[in-house]
Each structure stands twice: as C-alpha cells, then as structure tokens.
Amino acid sequence: MINFLLMILLASLYVFDYLFFVLGIGGRIMTWIPEIITIFLAVAILFKLAFSKGVKMPFKYLLLIAAYLLHIISGFLLNDVSGGVVLAGIRIYTKFIPIFLVPLVFPLSHKAFRNLLIWVYGLSMLQFPVVLFQRYVMFKFSESPDRLGGTLGWGTSGVLALYLITVISFLISFYYKQKISFRFFFFSAVAAFIPITMNSTKISVVLLPIAFVVPAVFIAEKRDVIFKTLLFISLLLGSLVVYKLGYDYYAELQGRRNLTEYVTNEAVLNRYNQVRLKPLEAAIKVAPKGDLRFAIFGRGAGNVSKGFLPFLTGKYFLTQGTFYDVYMTFPKLMWEIGILGTLLFFLFPVFVFFDAIKASKSEGVSGAYGLGMLTFTIFIMLSTIYTYTIDSNILIFLYFFAAGQTVRLSVESEQEASQEIRPVFSTA
C-alpha cells in the first residue's frame, strides 16, 4: 500500500500542476493531491511508530525535527499569527517531513526502490517531448522562455532546468558506478539537456559544471576514473558550448539579450544583479532588525506570504513581502522563521550530504544513488537563493523523499551505526 501511494504521489508531482495551471483541466484541488497523500502517509507513520517496536532511525534527525517543529510553533505564538495563516504556514514548512520519514519508517525493498527509480526516470524523460511540443506548437509565438516548464507547471522553466540537470548528475553517477552503459547515459542525458537549451535559464551555466564535477570528486572507485573524468570534462565543455549557442539562438529569435551580455554589459549585469541580489540583501540586513523576536523566530511561518485565499495571506505580505520581493526560499526563511529557523532548515540537507557520502561508498545501485544525492543536495541548497524551492512541490517532495532513502541507505551501509540509532516510541 505504501509503495502504491508513493507511485501515485510521484506521478502527481509531474502531472496535476501541468493539467490545471497550463492546460486549465480540472480544479485546483488536483494540485493538492501530493499533500493529501502526504497526510495519509503521516497518519500511517504515526500508527507505525505507536504500535511497532522495530522502528529505528538516527537520533540526530529526531532531534532536528523536534527542534524545527518547536521553533515554528514558537514563532506562531510569539507573533500571534492568525488561524488561517497558521494553517498555511504549517502546510508550507512541514509538508516535507512525512515524506522524509517514509523510507525510514517503511523501508523499501531493493525491488521497490529500483521500481521507483525507473518510474522517476520515465517521468523525467517525459519532459523532452513535452518541452518540444511547448516550444514549437503550444507557445511557438511566445517571446518568453519561462513557459517552457515541461509538465512541472506554469512559469517553471528555472525549476525544470534545476531538475533536469539533477537528472543528468544522477546519470553520471550511475555511469561512474558502472550501473548503466555509456549509450544509455548519453542518450538519456541528451534528452534531459535539450529542454534546458530551449528554456534559456541562466543558472544552468553554474549548475552544469557542478553536475559533472561533484560525482568525479566523490567517486570511491579509482579504476578508470581518470579516463571517465577526462571524458566528462570534454562532455561538460561541449554541453556549455551547445548551451551558449542554443541560448543565443533563441534569444535572437525572441528579441532578448544573448548570454554574453549578462557578463560583458555592465548596465545589464547591474540591473540583473539588482533584481536577484536585492531580496537576499534585505533578508540579511533588514529582516532581522527591529526586534530580537524577528531576528531569532522571524515573523511567523506564512506571515509574509500570499495565500490563494485572503484569510491565508500573512499580515506582513503587503508591507514587507511585496516591497522586499520575498518569494525566493532563503529570503522567505529569514523573514518568516528567522535566523534560527533558517539554520535548522539547512541542517536537513547538511546532514543528508554527509549521509550521502557514506551511502556513495556502497556497491551497486545504492552507491550510485548516494553519489547522485551529493549533487542533488548541493543544488537544493543553492536553489534557495534564486527560486521558490520550499513552495515547489516537485523539488521539496522529491528531494526529501530521496533524502530519507539516502539516510536509510547510509544506515544500512554502516555496521557501526548501531550506536547512533535508537528505537523510536518503543512500546517495551
């Protein structure tokens, strides 16, 4: 049953936002299906913890989750947040916790794990034909590449680029670990790369080198590493050239600036940096000022955000949320849950990164998966400074489910980990 719910949850992440926001099919409740499924999973987790003696997980994550939840509740109380905004805040800031716990409370069999990987791979490859359709049929007269978001929703070109480069990094990791052939890697990577050249997301220039370099740095096996590294350096350089040519080609067709101008044209560079850096600067310099409560606990989860209904909109949205452009995740964290809450949130990927290092040393699919998670974790942390990571279901759900599985694989790969793992809610 849990495996079936996971399959439905993963499919819903790729389908329902696209159907409602892009094609106008169905109702908005469709877009809530991932969160509705998460509620069922949370109930199942609570029952398992209450009635099973065998559930174990690293104590550091239990402590982190408890501290994170206590911090959010404290922020609500200290800021006297309204009931509707409390619901919105809980939805935004805690929806990833059940999906993170699923692989730890309900361990996946090796067969189920492989089936989920194949399922996600198929959904990922679906983006290629969908973006082609969007570019040459659906939005062929549009001057904006932002609409080329595949099946991930409306205006999600940046999220799609981040996601597909993550897919490429996993493919590299699986090839390094000799779990896929070069032919499989090459054609899959090309299918993932072409949509990136079409939606012209500038952050891809930064993410692509990371996707190629990180797996090579952390690969445990040394045989053939030099040859493979040289091969992937060549592929990286080639992909950057192709990306530059593709970006400039579509920029010329659509009357936009080419990629070089964002580096060589000082006026363009300053204007671009102003748009990107102003919210980050305000989050660091303005958000913590005025009250120690704001500095440590923020203004309350959801209290600087806009809800899709008036009673779900925070009281600081109009005065601070819109003025300081609080939509990227890092500024949102700083404004709403403060410095301490931001630190607690980032401890999740930091802990996962070190667990991924341990998992990457394993043989087989587990080791390849752990190697890919290193890059995925870096991308998630970087994405918080330029996109709405915590509000993106595809990023937040997929990453934290993958993170939970990484922790499970790390635990399984360490014989000595038994000293760090404690039973949870034992009935003994």
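So what are segment 152-211's ellipsoid semi-axes, whole angstrom, largest first, if each one is the square root of 5 times an eigenvalue of the alpha-carbon gyration tensor?
Numbers: eigenvalues 98, 25, 17 Å².
Computed over segment 152-211, the values are 22, 11, 9 Å.
Among rounded, prolate and oblate, which fits segment 36-160 when a ≥ b ≥ c are the square roots of the eigenvalues of its C-alpha gyration tensor, a/c under 1.5 means rounded, and a/b larger than b/c means prolate? Let's see the in-between values first.
On the way: a/c = 3.30, a/b = 1.45, b/c = 2.28.
Since a/c reaches 1.5 but b/c is at least a/b, the shape of segment 36-160 is classed as oblate.
Roughly to the nearest percent, how much of the accessible area of segment 14-167 is carbon and sulfur, given a 1.4 Å probe?
Numbers: 5050 of 6940 Å².
Solvent-exposed carbon and sulfur of segment 14-167 make up 73 percent of the total.
Can you work out the accessible area per residue across segment 64-104, with the rest of the protein chains kept in place, probe 1.4 Å, in square angstrom?
Values: 1430 Å² over 41 residues.
The answer is 35 Å² per residue.
Going by amide H atoms built from the backbone, whose H comes under 5 Å of the H on residue 57, apart from near neighbours?
Under 5 Å from the amide H of residue 57: 422, 424.
Using a 1.4 Å probe and counting only protein heavy atoms, arrange 412, 363 so the residue with the most accessible area comes first. Present the calculation step by step, with values, prior to reporting the outcome.
On the way: 412 100, 363 135 Å².
Ranked list, largest accessible area first: 363, 412.
If you count, for each residue, the other Cβ atoms within 10 Å and average over each peptide, how do 288-296, 104-112 line up from highest to lowest?
Numbers: 288-296: 13.8, 104-112: 15.6.
Packing proxy ranking, top to bottom: 104-112, 288-296.
Convex hull over the Cα atoms of segment 1-78, averaged projected area in nm²? Don't skip to the answer; put the middle values down first.
Numbers: hull surface 30.8 nm².
For segment 1-78, the mean projected area of the Cα convex hull comes to 7.7 nm².
Per the Kirkwood definition applied to all pairs of different Cα atoms, how many angstroms is the hydrodynamic radius of segment 87-175? The partial results should precede the final answer.
Details: mean 1/r = 0.0642 Å⁻¹.
One decimal place: 15.6 Å for the Kirkwood radius.
Report the accessible area of residue 328, computed with a 1.4 Å probe over the heavy atoms of all protein chains in place, in Å² rounded to the nearest 10.
Accessible surface of residue 328 is approximately 0 Å².
Going from most exposed to least, what order do 299, 183 have by accessible area with a 1.4 Å probe?
Working: 299 5, 183 175 Å².
The residues order as 183, 299, largest area first.
Give a residue-ordered list of calculated ³J(HN,Hα) values for segment 396-412 (Karplus: 6.51 cos²θ - 1.76 cosθ + 1.60, θ = phi - 60°; whole Hz; x for Gly, Pro).
Residue by residue, segment 396-412 yields 6, 5, 5, 5, 6, 5, 4, 5, x, 5, 5, 4, 4, 5, 5, 4, 5 Hz.
Dipole of segment 34-165 (Lys/Arg Cβ +1, Asp/Glu Cβ -1, origin at the Cα centre): which of 40, 87, 104 lies farthest to the positive side?
104
Excluding ligands, DNA and RNA, what is the solvent-accessible area per residue of segment 118-187 at a probe of 1.4 Å, expressed in Å²?
44
Report the net charge of residues surrounding residue 316, where surrounding means a beta-carbon distance below 10 angstrom and charges are Lys +1, Arg +1, Asp -1, Glu -1.
+1
Using the structure shown, list the pairs from 60/177; 56/361; 60/315; 56/111 with a Cα-Cα distance above 32 Å, or answer none.
60/315
The values are calculated or read from the model by the stated rules, or taken from the named source; none is laboratory data. This one's a predicted model, so the numbers in the text were calculated from it and none came from an experiment. Glycine gets a Cβ as well: all are built from the backbone with ideal geometry, and neighbour counts include every protein chain shown. These area figures cover heavy atoms from the full protein model, side chains too; ligands, DNA and RNA do not enter into them. Shrake-Rupley method; radii C 1.70, N 1.55, O 1.52, S 1.80 Å.
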